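Some notes on the structure that comes next.
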Amino acid sequence: MTLLNVGTPVGAYSNDAGRRRHGSQQSTFFIAEIMLEDENGLLENRMQRAKRRIMSVPLQFVFYFAVKPEKVWDGLVSPESNRIIFAGADFEADLRPGGSMRWIGPGGDGKPTALVNGEILRCEPPRLLEYTFQLGQSALKSRVTAELQPETEATKLTITHDQWDEADLAYAFCSDGWPRILSRLKTLLETGKTFRPH
């Protein structure tokens, strides 16, 4: 078993004079300690547990729009706004429980393909939309909940993306993608135009 200290000791100095002046106060604590026990595979198991913990944490984003809830709702579900904020992707949705929803765009071969597939779980306009989320041809599903709450001069939109499978590669994709998409939607609804995705 090997004990590996990672980090810089608090109060450490690179010269002898500094050590003499502050030696009595120098901390021996390090930022992190990692136990490595490769022979038993404990490190790998620990990493897997850490991955599961990360994947169990929902992605959540809160944005405030200076428009009414009805306009935010329309921005979420209309083909026109989705085509703009998703850089030309076509959006199809049957907005009732059990209905399907898809974002369709060019695949690797240039032919139209489903970029994201989903199934409506709950639809309560203009307050709540909940659906499953499958990236591309993946069989793994997660869940998206969009909650709209009116405020005095704005609408609060909370997106919660949860129920992740630890093998779902969409987690990293969505953690970066959601802020971009919501920022583009906010800009579009408040100004009538938006910015390029990248």
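The set of residues in segment 110-144 being touching a residue at least 12 places away in the same chain (Cβ under 8 Å), assigned to a loop (DSSP other than H, G, I, E, B) and aliphatic (A, V, I, L, M) consists of 140 alone.
From the list 74, 94, pick out the single residue that is of a type in the set (Asp, Glu), crowded, with 16+ Cβ neighbours inside 10 Å and modelled with pLDDT of 95 or more. Explain how you work it out, then say what you get.
Values: 94 fails: crowded, with 16+ Cβ neighbours inside 10 Å.
Going through 74, 94 in turn, just one is of a type in the set (Asp, Glu), crowded, with 16+ Cβ neighbours inside 10 Å and modelled with pLDDT of 95 or more: 74.
Restricting segment 30-47 to residues that are loosely packed, with under 12 Cβ neighbours inside 10 Å and in a helix (DSSP H, G or I) leaves a set whose member that is modelled with the highest pLDDT is 45. With respect to (1) crowded, with 18+ Cβ neighbours inside 10 Å; (2) more than 18 Å from residue 161 (Cβ to Cβ), the lone exception for residue 129 is condition (2).
Give the residues of segment 167-193 that are assigned to a helix (DSSP H, G or I) and touching a helix residue (DSSP H, G or I) at 6+ places or on another chain (Cβ under 8 Å), sorted by residue number. Give the steps one after another, and end with the answer.
Kept after step one, since they are assigned to a helix (DSSP H, G or I), are these residues of segment 167-193: 170-191.
Hits for segment 167-193 are 171, 181, 184, 185, 188, 189.
When segment 165-185 is limited to residues that are out of contact with any strand residue (DSSP E or B) (no Cβ under 9 Å at 6 or more places or on another chain) and of a type in the set (Gly, Ala, Ser), the one that is farthest from residue 197 (Cα to Cα) turns out to be 167. Every condition in (1) touching a helix residue (DSSP H, G or I) at 6+ places or on another chain (Cβ under 9 Å); (2) under 17 Å from residue 57 (Cβ atoms) is met by residue 145 except one, and the failing one is (1).
Residue-wise test of (1) surrounded by 18 or more Cβ atoms within 10 Å (Cβ to Cβ); (2) modelled with pLDDT under 95.
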| residue | (1), (2) |
| --- | --- |
| 65 | yes, no |
| 78 | no, no |
| 83 | no, no |
| 109 | no, yes |
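Within this structure, residue 164 passes the test of being touching a residue at least 24 places away in the same chain (Cβ under 8 Å) and either of a type in the set (Gly, Ala, Ser) or in contact with a helix residue (DSSP H, G or I) (Cβ under 8 Å, 6 or more places away or on another chain) (or both). Taking first residues from segment 171-198 that are over 10 Å from residue 84 (Cα atoms) and partners that are among the polar types (S, T, N, Q), the Cβ contacts under 6 Å between residues at least 6 apart in sequence or on separate chains come to 187/194.
Check segment 155-164 and report whether any residue there is on the phi < 0 side of the Ramachandran plot and in a loop (DSSP other than H, G, I, E, B). Spell out how you get there, then give the answer.
Restricting attention to segment 155-164, the residues satisfying the condition of being on the phi < 0 side of the Ramachandran plot are 155-162, 164.
Okay, now just the ones that are also in a loop (DSSP other than H, G, I, E, B), so 164.
So far as segment 155-164 goes, yes, one or more of its residues are on the phi < 0 side of the Ramachandran plot and in a loop (DSSP other than H, G, I, E, B).
The values are calculated or read from the model by the stated rules, or taken from the named source; none is laboratory data. These numbers were taken from a predicted model, which means no experiment stands behind them. Because the Cβ atoms are built from the backbone with ideal geometry, glycine has one as well, and the counts that use them run over all protein chains shown.
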